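K.L.:
I have a structure I would like to understand better, so I am pasting it below and will then ask my questions one at a time.
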Amino acid sequence: MSRIAYIDGRYQPLTWPGIQVEDRGYQFSDGVYEVVRLRDGNLLDEERHLDRLDYSLQELSIGQPMSRPALKLVMREVLRRNRLQNAILYIQVSRGVAPREHSFEESLKPVLVMTVRPLSASKREAIHRDGIEVISVPDQRWARCDIKSISLLPNILARQKARDAKVQEAWQIDEQGMVTEGAATNAWIVDSGGFLRTRPARGEILNGIVRQVLLQCAEQAGLKLKQEAFSLDEAKAAKEAFSTASTMAVFPVVSIDGVKIGNGKPGDIAQKLAAAYERVNETS
Ligand SMILES: Cc1ncc(COP(=O)(O)O)c(C=O)c1O
């Protein structure tokens, strides 16, 4: 069955043309996005994702494509038409269509696109069981990584370097030698003193939805917790390391630049937090 996408007002096969050449998302990466996981028919952390979408739009002075209730209806309709229960829903809003010129009119009509793809349960299980390997790369991004912009060139180049190195993720390192975040994940460690650490959410990182939920879980579980940047050296000497993102929730990290983390297996805290995350979404 061909997948169905929502493209600027129409439900249509994904492969049909729909986007105009002068869409500013296409020509300038002038747009924002969200990735929401569907688990057994339920959209996880939906309100948090839609709040962050609003934030990204506001920060870039891009209009709202539609009201929140209407957006939720479209999300459900795309999922219904694709008959999926476990999937990843991609939502993109570009600033709109206009003759190519860097500056923009605030009155442009935003273009909304949604696509969906199945989420493989076996891949999730393998990642939770075996963990992932990570390399470090210089962080070459701009100062507003808190905005979930579709402008992702440094992120895709970082992820490609990981792929070339036959590992799954790249952690980005700032000029002070501190870890910012992964190419498409937030970075965490349990440091040598037993503190769970992740960088504070300012302009250098995206305030991940899984990050936000896990901070609450960690507090509730009474874990020693610090929102504080950590260096690449501290990460390599950590008891545990892991990445987080909506696609898989928690990705235990078993090595960084070939250096084994802890005993080289997914750590206890990463596994406990992964289980806690799934529970939060069962009760919400
Ligand atoms: C750069 C970056 N950091 C962090 C994340 C994790 O965010 P979330 O937990 O909202 O999926 C993502 C997800 O796409 C990302 O692209």
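K.L.:
Spot the failing condition for T15; the list is (1) touching a Lys or Arg at 6+ places or on another chain (Cβ under 9 Å); (2) assigned to a loop (DSSP other than H, G, I, E, B); (3) within 19 Å of E106 (Cα to Cα), and only one is missed.
P.N.:
(3)
K.L.:
With the structure loaded, tell me whether S29 is touching a residue at least 40 places away in the same chain (Cβ under 8 Å), outside the structural domain of G208 (by TED's automatic domain parsing), loosely packed, with under 15 Cβ neighbours inside 10 Å and small (G, A, S) or whether it fails that test.
P.N.:
Judged against the criteria, S29 is a match.
K.L.:
I would also like to ask the following. I want to confirm something. Restricting to the range 172-187 and keeping residues that are more than 11 Å from the ligand (Cβ to nearest atom) and in a strand (DSSP E or B), which single residue is surrounded by the most Cβ atoms within 10 Å (Cβ to Cβ)?
P.N.:
V179
K.L.:
Scan the range 242-284 for residues that are within 14 Å of A187 (Cβ to Cβ) and of a type in the set (D, E) and jot them down.
P.N.:
D257
K.L.:
Of all the residues that make up the range 212-255, how many are surrounded by fewer than 19 Cβ atoms within 10 Å (Cβ to Cβ), at positive phi and within 16 Å of the ligand (Cβ to nearest atom)?
P.N.:
Total satisfying the criteria: 0.
K.L.:
Considering each of K224, K236 in turn, give the residue that is under 29 Å from K166 (Cβ atoms) and basic (K, R). Spell out how you get there, then give the answer.
P.N.:
Values: K224 fails: under 29 Å from K166 (Cβ atoms).
Exactly one residue qualifies, and that residue is K236.
K.L.:
Another question, if that's okay. Going through the range 48-74 one residue at a time, which ones are part of a helix (DSSP H, G or I), more than 13 Å from the ligand (Cβ to nearest atom) and either modelled with pLDDT under 95 or in contact with a helix residue (DSSP H, G or I) (Cβ under 9 Å, 6 or more places away or on another chain) (or both)? Write out each step before concluding.
P.N.:
Going residue by residue through the range 48-74, those that are part of a helix (DSSP H, G or I) are 48-59, 68-74.
Cutting the leftovers down to more than 13 Å from the ligand (Cβ to nearest atom) gives us 54, 57-59, 68-74.
Within the range 48-74, D54, R68, L71, K72 qualify.
K.L.:
Which pairs do you get when a residue that is without any contact (Cβ under 8 Å) to a residue 40 or more places away in the chain, found in the range 189-214, comes within reach of a residue that is near the ligand (Cβ under 8 Å from one of its atoms) and in a loop (DSSP other than H, G, I, E, B), reach meaning Cβ atoms under 7 angstrom, with the pair 6+ apart or on two chains?
P.N.:
If the second residue must be near the ligand (Cβ under 8 Å from one of its atoms) and in a loop (DSSP other than H, G, I, E, B), the pairs left are R199/I205.
K.L.:
State all residues of the range 113-149 that are over 26 Å from I261 (Cα atoms) and crowded, with 16+ Cβ neighbours inside 10 Å; if no residue qualifies, say none.
P.N.:
Scanning the range 113-149 gives V113, M114, T115, V116, L119, R141, C145, D146, I147, K148, S149.
K.L.:
Continuing with this model, one more query. Do we find a residue being under 18 Å from the mean Cα position of the chain (by Cα), among the charged types (D, E, K, R) and within 11 Å of the ligand (Cβ to nearest atom) anywhere in the range 124-137?
P.N.:
No, the range 124-137 contains no residue that is under 18 Å from the mean Cα position of the chain (by Cα), among the charged types (D, E, K, R) and within 11 Å of the ligand (Cβ to nearest atom).
K.L.:
Given the options S243, S192, name the one that is part of a strand (DSSP E or B) and either at pLDDT 95 or above or out of contact with any His (no Cβ under 9 Å at 6 or more places or on another chain) (or both).
P.N.:
S243
Residue by residue, here is whether (1) touching a strand residue (DSSP E or B) at 6+ places or on another chain (Cβ under 8 Å); (2) within 23 Å of V116 (Cα to Cα) holds:
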| residue | (1), (2) |
| --- | --- |
| S246 | yes, yes |
| P252 | yes, no |
| A276 | no, no |
| N281 | yes, yes |
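The values are calculated or read from the model by the stated rules, or taken from the named source; none is laboratory data. Note that this is a predicted model, so its numbers are computed, not measured. Quick reminder, even Gly has a Cβ in these numbers, built from the backbone with ideal geometry, and neighbours come from all protein chains shown.
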